[in-house]
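Worksheet: one structure, shown below.
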Amino acid sequence: MRDLSWMANLHALTHLTIEGFLCKNIKSYPEVGSLPHLPSLTTLNICWFDNLETLECNELLRLASLQQLHISFCSKLKNMEGEKLPPSLLLFTMEYCGLLGGLCKDKHQQIWPKISHIPTIQSKQAEEMKILSKCKYLRALSFHKVDVLPSSIGKLIHLRHLDLSYCSIKTLPESLCNLRNLQTLKLFGCYELTMLPGGLHNLVSLRHLDIRGTYLEEMPKKMNKLIHLDVLSYFVVGKHKNNGIRELGGISNLHGSFELKKLENVVDAKEAKSARMIDKKHIEGILLEWSSGDEIVSNKQTEREILDSLQPHHGLKELTIKGYRGTIFPDWVGHSSYQNMTNVSLQSCKNCCMLPALGQLPSLKVLRIEGFDQLKSIGMEFYKNEGDQQSSPIALFPSLERLVFRHMPCWQVWQLPESETFPQLKVLEIVNCPMLQRNILSDVFWRIISSLLSDVSKVRKLHVSRDRGRSETMHLDEDTLSIKACEWVIDSVFRAIGIHQQQKYDLVELQIGKNCGSLTALSLDAFPNLKNLGIHRSGNLESISMSEPPHASLQHLSISECPEFESFPAEGLAAPNLTDLDVIRCSKLVALPRGMNTLLPNLQSLRIQDCPKISWFPECGLPPNLKELTVGRQWRDLLPTGNLDALTHLTIIDDCGCQSMIKSFPEVGSLPHLPSLTTLNICRFYNLATLECNELLRLTSLQQLDIRMCPNLENMEGEKLPPSLLLLKVYDCDLLGEHCKNKHQLISPKISHIPTIQYKLFGKLNRSVSENFNSIATLESLRTSFYVNDLFSMESIASKFKYLRGLSFDKLDVLPDSIGELIHLRYLDLSWTKLTMLPNDDMVSNTQTERDILDSLRLHHGLKELAIDGYRGTIFPDWFGHSSYQNMTRVSLVYCKNCCMLPSLGQMPSLKSLWIQDHIMAGELVGGAFLNGFLNVVFDRLLTTDAVNLVLGKKLGRDLVERLKTTLLGAEALVADAEMKQFGNSSVKEWLDNLRDAVYCAEDLLDSVLIKAKTGEKVRSSWPISFFKDRHREMVDRMEEVVTRIQHLGNQKDSLGLEKIPTGGSSWRTPTSSLERGNGG
């Protein structure tokens, strides 16, 4: 902890440990005045200060009783300032404390006078090195943590294996190069190491040099003398003759994976050929990388010739080309002679306008293409090189299983050949390719999915859902095909599976997920072998049909949250083997399937919930073998229903909610004959006050009674509960639960015979405690399941509970103005309340009044979560979504059916979760409503000091930052005009969508930059450093892509007729000063 001076009453404290995990900026400690008065302290531990450099002795002198000082894991500690350490010290220990341990051992002239009076000084690191010097015959040596490798390492002349993985060393001593017998040198994860010793070429026996996770700026000279090298992680091409690419020519026995970096330093094809890459027969995977940042080259033909001269041997298995600056690839890339090639990745080839011919690689399984900024079309050249001659025709991409396209801002056209293509494809991902034509994308998915479904052995289960993001994905995992994509791709899926045409497929499972809006009707005839069918939140589904009954395979059917669903097959759902049927929250459904008692003879579980228009059960009765039944408000219709002799589990949920008028349950004669019923669940009877025991006595086989969420239930009438009962559960029913707990004289005789009684009281307030509110004024969390006015006046809530931090209502009619006085409130849940509205009553006489009401409910700026349900105004007040709500992380807007415009939510910096449901009139305004806010957020984040320091500090160039700033400014000026012209102009609307995607990408990028700036150091201790460096390079590439995309969109303004309109409400600031400060550090 940085400052402890505020602590008092520590006079008896003898031991203190201070950990600096979160103190990344502290370089000197203890800071002046940061320690409290500690007269009895004898032992002080200081540890895990990653950036601590100086120990302040004068501050420690205030600890007059200190006897032991332990400092550990302060890897950068090297100085002591002040007079000396406390004279009372008897023991001073250092463990992994950078240079300070060595300086103490060597009695450094500036350090020793400050510690010479201490009887015992120990340095673990120094002791290890002392022991090491005695082991002159050592052959293998491994360090877990070391900051400095001593020069004495050169005396271990018999050493064969040296492992320094994940050590924090910055340099290696030249004496290391004396180890002529060394065969293995592992430097994996030494992320601070930027240079190898110049005499490395003297390690003539070296076979294994592992430098993964290091970031060498260049290689040492004369590497070509290491002729026995079998493993070399990578080679950085230098600009000088003795560390250039020619040095690779003599290293011919390399095995495994190899990376060749900074290829921009290769002058011409002759120099590239001197590396003799084609002669390195044992390399299995290779990365050829040009550094990012300067894609403008004077001669693109020379770039092609250089890559041509770097051709690897024909046995290569994996190939990655990154940052290539030419416009086209040489012929060897993708040539069919590479029979063993299984993995190809082409990344950030920003000048390329054509893909290589990869379709005839017979073993290719994985293909990734990312960051091709200039590529507009993928044509027939992608599949076959005209120069390739095959003795017989083969399928194109015959073995390809995974195909990924990412970040292709200009890609518009994708041609597929007529012949068979991608016969083995299991995964297709298209991410952030905004210009790809919709009809082409749909046709590609349709062809691939049709091909998969035509093979019965491949796909048995299909899961489809809509993705509102920037990705279209298809994954085949064993026999399950999952598709998550945009609406027009989903349409192609429905075409492929025969929903819109007469086809049959051998699917056994079909799951249709959320937002598949184009699906209005589903015919079961297309899936004669279907066993499981689930449809969830499909907004336009109206019916399920069947013209060829019976459907003998169907076993499980679930339809949930489909507000337009209104009918089953007209002649009944003939599914003789159906065992489970769920119908949940289908507000238009008026009846269950006809003839259930005969057409569904094996139905065992039926669940009907929140379907308000179903007012009766089939007259013919329910299926005879039904064992489990969950029913909502239709429970009263059970009495005339026959065929319930086999029913063992019954759940009754009063889904009328707070409008329910039921005070007593079960009512006389309301339950049918249930001779086999063993379990009864009663749930959500919010106004239920009395449980009728005599009616329950008719359930002679009842063993378990479960009562939940009945907050007003407090009485039991009649003789007692059934004698057969073995278990009674009372959950979330505080009134009755209290009576059970306290063995109330009227309740206990009715339940005393039950062996097991369980109750859980969730702390919800009830009438009996309302009188004691004044005694719990410090309450911080309040949740109530019944009307608050039964307990206290809502107007007085702020005065009674001024420290309230969490507030949740299940029932509420009016939220008073006084809610704004709860200045400590962090969580407010109004979900499922009916604020100022009756069910199905969305029309109001004065929507301005509605807005004024919500405006008057303005909440304090520290709020973290907010849910609004059923708001009836047309627009939201200005406070909602304002950037001053710095802590807001979650917002939910549900059933605001009159709203024609969404609030500006993009400027809330901490917002992580946004849920918007059933905003009928706001559909066309989503893109524009958020866009200005997100533009402001992106620009504001760009100007933060952390981001600027990180971007400019990594030598990425001021030009890149300025270009991003300029493109964002240009985009903002066009947004206002585009928002007005999008109605009736699909091109402008699509332009807005593409701009929104680009700005989202920019925001994601800057979030990643800030996270890297703030937390990179913290997590490095547990993750390979190569992960963070790879992410850093990826961030740079993505930033370039974002700039190019937004520039491209800005250039379309003339063709779309867009004009620049300055936005008076912009929060963007002039960035000059911030940028100067960021670069000036």
Debye log10 I(q)/I(0) at q = 0.11, 0.16 Å⁻¹ for segment 512-670, Cα point scatterers: -0.43, -0.90
Distance from segment 420-455 to segment 275-323 (C-alpha centre basis), Å: 30
Within segment 70-111, trypsin sites (Lys or Arg not before Pro) in DSSP loop having at most 14 other beta-carbon neighbours inside 10 Å: LYS107
Diffusion constant of segment 311-433 at 20 °C, which comes from Stokes-Einstein with the Kirkwood Cα-pair radius and 1.002 mPa s, µm²/s: 148
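Taking the alpha carbon gyration tensor of segment 170-253, what are the square roots of 5 times its eigenvalues, largest first, to the nearest whole Å?
Its equivalent ellipsoid spans semi-axes of 17, 16, 12 Å.
Which of the residue pairs LYS241/LYS270; LYS365/LYS458; LYS458/LYS504; LYS317/LYS458; LYS27/LYS78; LYS317/LYS350 have a Cα-Cα distance greater than 19 Å in the structure shown?
LYS317/LYS458; LYS317/LYS350
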By average C-beta atoms within 10 angstrom, highest first, the peptides 367-374, 159-166: 367-374, 159-166
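I'd like the per residue volume of the convex hull spanned by the Cα atoms of segment 656-761, given in cubic angstrom.
Convex hull volume per residue, Cα atoms: 85 Å³.
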Relative contact order computed over segment 15-128 (Cα-Cα under 8 Å; 6+ residues apart), in percent: 22
Sparse-neighbour loop sites [GluC sites (Glu not before Pro); segment 41-105; at most 14 other C-beta within 10 Å; DSSP]: GLU83
Cα pair distances in segment 137-217, grouped into 10 Å bins until the bin that holds the longest one, percent each: 20, 60, 20, 0
For ASP654, net neighbour charge (Lys/Arg +1, Asp/Glu -1) across residues whose Cβ lies under 10 Å away: +1
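Tell me the GluC sites (Glu not before Pro) within segment 211-274 that lie in a loop according to DSSP and have at most 14 other beta-carbon atoms within 10 Å.
When the GluC sites (Glu not before Pro) of segment 211-274 are filtered for loop state and at most 14 Cβ neighbours within 10 Å, GLU217 remain.
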Environment charge at VAL148 (Cβ cut-off 11 Å; Lys +1, Arg +1, Asp -1, Glu -1): +1
Value in Å of the Kirkwood radius, where segment 416-472 supplies the Cα pairs that are averaged: 12.9
Segment 708-759 and segment 541-556: distance between their alpha carbon centers, rounded to Å: 44
Debye intensity ratio in log₁₀ form over the Cα atoms of segment 15-128, taken at each q of 0.09, 0.15, 0.17 Å⁻¹: -0.20, -0.58, -0.76
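Report the charge-dipole magnitude of segment 32-83 in Debye, nearest 20, computed about the Cα centre from +1 at each Lys and Arg Cβ and -1 at each Asp and Glu Cβ.
Value, rounded to 20: 120 debye.
Each reported figure results from applying straightforward, stated rules to the coordinates on display, with no laboratory input. What you are looking at is a predicted structure, and each value in this text was computed from that prediction instead of being measured. All Cβ positions, even for glycine, are placed from backbone atoms using ideal geometry, and neighbour counts span all protein chains on display.
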